[in-house]
Amino acid sequence: MSYYERHVFFCCNQREPSDPRGCCNAKGASEMRDYAKSRVQELGMAGAGKVRINQAGCLDRCAEGPCAVVYPDGVWYTYVDRGDIDEIIEEHLRHGRIVARLRI
């Protein structure tokens, strides 16, 4: 069994503004990662055997981003705001239901 039930990685890559590929961090990725981390803790979902929220470098999907991936499920998401993060936390992390509208 894995140490965490689910492990979420937020792409927080930062590229130069002139880079045509864009980057997740310019679209608020670090703020959303921090929000997800605090929200998971508030809900008592964080820790060993539960959920871990982490920052990642480039996940190479910035053109579709901002993005995050949930393991071990291998489900990729994009998001716009805290409401989207809340939905991912509630539906996927708490209940195991993939949020189809945010999946990439």
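Full-extension gain between residue 38 and residue 82, please, as 0.36 nm times their residue separation minus the C-alpha to C-alpha distance.
Difference between extended and current length: 14.7 nm.
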### Query
In nm, to one decimal, how far is the modelled label at residue 7 from the one at residue 95, with both set 7 Å along Cα→Cβ?
2.7
### Per-residue SASA entry for residue 73, accessible area with 1.4 Å probe, Å² rounded to 10
70
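Quick one: work out the % antiparallel among DSSP beta bridges in the chain, nearest 5. Could you put the intermediate results ahead of the total?
On the way: 9 of 16 bridges.
For the chain, the DSSP antiparallel bridge percentage is about 55.
Tell me, what is the percent relative contact order of the chain, built from C-alpha pairs under 8 Å that lie six or more residues apart?
Values: 168 pairs, mean separation 33.9, N = 104.
It rounds to 33 percent for the chain.
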### Query
Among the Cys residues of the chain, which have no other cysteine Cβ under 4.7 angstrom away?
12, 23, 58, 62, 67
## Note on the structure
Helix 29-42 sits off the longest principal axis of the Cα atoms of the chain, rounded to the nearest 10 on a 0 to 90 degree scale, by 10
### Task
First compute the accessible area of segment 13-77 with a 1.4 Å probe, then give the percent of it belonging to carbon and sulfur atoms.
46
#### Entry: Accessible surface ranking that places the most exposed of 101, 15, 94 first, with a 1.4 angstrom probe
101, 94, 15
### Per residue solvent-accessible surface (Å²) - the chain, probe of 1.4 Å
55
### Query
Of 30, 38, 18, which has the largest mean-square fluctuation in a 10 Å C-alpha GNM of the chain?
18
### Message
Can you tell me how the chain classifies by the Cα gyration tensor, rounded, prolate or oblate, using a/c under 1.5 as the rounded cut?
### Response
prolate
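The values are calculated or read from the model by the stated rules, or taken from the named source; none is laboratory data. Computed from a predicted structure; not experimentally measured. All Cβ positions, glycine included, derive from the backbone under ideal geometry; neighbour counts span all protein chains shown. The protein model used for the area step is the full one, side chains on, heavy atoms only, and it has no ligands, DNA or RNA in it. Shrake-Rupley method; radii C 1.70, N 1.55, O 1.52, S 1.80 Å.
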